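*Asks:* Handing you this structure, nothing more for now.
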Amino acid sequence: MKIVRSNTIDPSSLASEENNEYSFFKSRAKFHSNEVPPFGVYIDQKAWAAFLEHGHQVYAQQRHEAQGIFLGKYFTDEQGEFVVATHYAAGTGESTHSYVEMSEECLAQISQKCKEENLLMLIWIHTHPNFGVFYSGTDINCLKTNFFMPYQTGIVVDIIRKLHKGFKVREKNVTEFENY
């Protein structure tokens, strides 16, 4: 049996992007004091604020973890590849103070939004309220199973301690990721 790759997603050229929303990134080298990373993640402030609001709301009401997915575009330029997350989709499903699982219905709705608006699911993000920022075995499995594409990452946020850390699948291993 031969396995054939299908539905590969290549980055779009930033130079050919016509949407002015992304023109800001044509000079992205200025955002970095040192070298531009070979892969970078940029999150729109409104999308980040929407996530924080969701996380705080879930914690205030239930004392549970919260989760969602940042949506956006995947680009390439002379410095390398990068993603720009412009939308936040709140996740719904089962949750406790130390566990969160997104429902199939929620994932289907987010997938439909991506299809309608020509966006990609870029970043799985969730909270660890007052637990610190680390990936549990469950988190690692989720990233390896669902967010393993070259343009995808994960972020965990402790909304109480105001800490966050990124993670990325590289060669089937989940490693810490700082370029966001």
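Read-outs: derived from the displayed coordinates by stated rules, not from any lab. Model, not experiment: these values are computed from the prediction. Please note: Cβ atoms are built from the backbone with ideal geometry, for glycine as well, and neighbour counts cover all protein chains shown.
*Asks:* Ratio of alpha-carbon Rg to the 2.2 N^0.38 Å globular estimate for the chain, to two decimals, please.
*Replies:* 1.04
*Asks:* So which residue, out of Lys168, Lys73, Lys113, gets the largest mean-square fluctuation from a GNM of the chain using Cα contacts under 10 Å as springs?
*Replies:* Lys113
*Asks:* Okay, moving on. Among Ile160, Ile110, Ile9, Ile155, rank each residue by its count of other Cβ atoms within 10 Å, from fewest to most, as a rough exposure measure.
*Replies:* Ile9, Ile160, Ile110, Ile155
*Asks:* Another question, then. Taking the dipole about the Cα centre of region 36-174, with the C-beta of Lys and Arg at +1 and of Asp and Glu at -1, give me whichever of Val133, Ala89, Tyr74 is farthest to the positive side.
*Replies:* It is Val133.
*Asks:* Give, rounded to the nearest 20 debye, the magnitude of the charge dipole that region 36-174 has about its Cα centre when Lys and Arg contribute +1 at Cβ and Asp and Glu contribute -1 at Cβ.
*Replies:* 320
*Asks:* Could you work out the per residue convex hull volume over the alpha carbons of region 38-122, in cubic angstrom?
*Replies:* So the per-residue Cα hull volume is 96 Å³.
*Asks:* For the ranges 50-57, 171-178, 125-132, what's the packing order if you count other beta-carbon atoms within 10 Å of each residue, average per peptide, and put the highest first?
*Replies:* 125-132, 50-57, 171-178
*Asks:* Here is a follow-up. Which residue, chosen from Val58, Ser12, Cys142, occupies the Cα position most advanced towards the positive end of the dipole of the chain, where the dipole is computed from +1 (Lys, Arg) and -1 (Asp, Glu) charges on Cβ about the Cα centre?
*Replies:* Sorting the options by dipole projection puts first Cys142.
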